[in-house]
Amino acid sequence: MFLAYLPFMAYPYGFFKAGVAALWIVIFLWGTVFFFWFTRRLFPEHSLKHAFFLWLIVWAQAVWMLTKLPPYWIASVFFLTPVSFLDDTTKASQVRVFSKKVPRYFFERILTGAGFAGFVMLLAFVREVGENNLGIQAFQQPAGMLLVVAAAAFLWKNQPYRRKR
Amino acid sequence: MYFLIVAFGFLLMVRGARPAPLQRPVEGLGRIVREAADLFLTTSLILAFLAFAAEFEEIRTVVREYVVLGFGIASYLLSRYQKKTDAFFLTVTASIFMISSKQRDLSQEILMAGVVSSGIALFQACFLGLRYRLLFSSVPISMKGWPSLCLLAGFISMVLWGLWNAAF
């Protein structure tokens, strides 16, 4: 999730534009997962990864032409995409379309996308408040966001229910 | 450009080429320098190719119109040819886009590619050094992993920001 946020540091966007960009990334991620889930068997062996990157590049070009959104967002999509998706050793054909795994798979992707959009909007809000309202200089550079993310990672890692295990 | 250096420097540090063991920082430093040289050469080569293609009047409009597609495919192919990681490909793509959107002159573009590659290498070298020092410190378990990595990146970012403002 955090790696997917990193390209947002290169965008000089405020809260609203960052939110729109995050929503686009999430919608694109869902579309990509949906598209490749149902077409993956059509690709020759070991070519799915190349097709995935070509897909990203073509869409980066199309979005750049239509909206002038710099193509850094493809890195976010890449890091939100499940690792097994691009693993050549995973035999996707073994999972049947009507298997119980399918709804769970899509549900996890939906949760990932929604969580990412929320995470980006939260950080954009913190940045906006820190930079404009509080005038903290660290938020005018990546350091401010990195320190906020460090705090978020610390809280996430030390959740009370995890300690009980 | 500074934002890109920090973001993608951190990305390459976490997901770039397989790092040398932390116990051997000199070897790790060598790998960082080699990666930075590869990044600079790959970026410069694609920028030169784009500039060369734009010299032909017949295809100039197409090259400028489909610039993202052009350098995206070129950087992907060159990354695969060099057996680089996906993070390397993404960094090259982002760098080329940023450089080509700011400059039109090839020599200036190559100079900027050098600045980006050096900046990323400096960020990674600082990161490696601090991680090495952390090996000999008693970091609490609750701070190990992402929290400490992000803290280190944040502190390095602050220092580099000062240097950046002084230099440019």
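Return the pair list, or none, for Cβ contacts closer than 7 Å from residues in the stretch B:22-51 that are closer than 14 Å to residue B:122 by Cα and at pLDDT 90 or above to residues that are assigned to a helix (DSSP H, G or I) and among the hydroxyl-bearing types (Ser, Thr, Tyr), at least 6 apart or on different chains.
Short answer, once both residue conditions are applied: B:36/B:117; B:36/B:118; B:39/B:91; B:39/B:117; B:40/B:117.
Being without any contact (Cβ under 8 Å) to a residue 60 or more places away in the chain, within 19 Å of residue A:146 (Cα to Cα) and small (Gly, Ala, Ser) is the filter here; which residues of the stretch B:90-148 pass it?
Correct list: B:142, B:145, B:148.
Which condition number does residue B:11 fail, the rest of (1) assigned to a helix (DSSP H, G or I); (2) surrounded by fewer than 20 Cβ atoms within 10 Å (Cβ to Cβ) being met?
So residue B:11 meets the others, but not (2).
Could you list, in sequence order, all residues of the stretch B:119-168 that are closer than 16 Å to residue A:141 by Cα and either charged (D, E, K, R) or touching a Pro at 6+ places or on another chain (Cβ under 7 Å) (or both)?
Matches in the stretch B:119-168: B:157 only.
Just the residues that are within 14 Å of chain B (Cβ to nearest Cβ), more than 14 Å from residue A:74 (Cα to Cα) and part of a helix (DSSP H, G or I), please, taken from the stretch A:10-48.
A:18, A:48
Are any of the residues in the stretch B:71-81 in contact with a Lys or Arg (Cβ under 7 Å, 6 or more places away or on another chain), open to solvent by less than 10 Å² (accessible area, probe 1.4 Å) and modelled with pLDDT under 90?
There is no residue in the stretch B:71-81 that is in contact with a Lys or Arg (Cβ under 7 Å, 6 or more places away or on another chain), open to solvent by less than 10 Å² (accessible area, probe 1.4 Å) and modelled with pLDDT under 90.
Would you check if there is a residue in the stretch B:27-49 being within 14 Å of chain A (Cβ to nearest Cβ), part of a helix (DSSP H, G or I) and either open to solvent by 20 Å² or more (accessible area, probe 1.4 Å) or out of contact with any Pro (no Cβ under 7 Å at 6 or more places or on another chain) (or both)?
Yes.
The values are calculated or read from the model by the stated rules, or taken from the named source; none is laboratory data. Because the structure is a prediction, the values reported are computed rather than measured. As a convention, Cβ positions derive from the backbone with ideal geometry for all residues, glycine included, and neighbour counts pool all protein chains shown. For accessibility, only protein heavy atoms count, side chains too; no ligands or nucleic acids. Shrake-Rupley method; radii C 1.70, N 1.55, O 1.52, S 1.80 Å.
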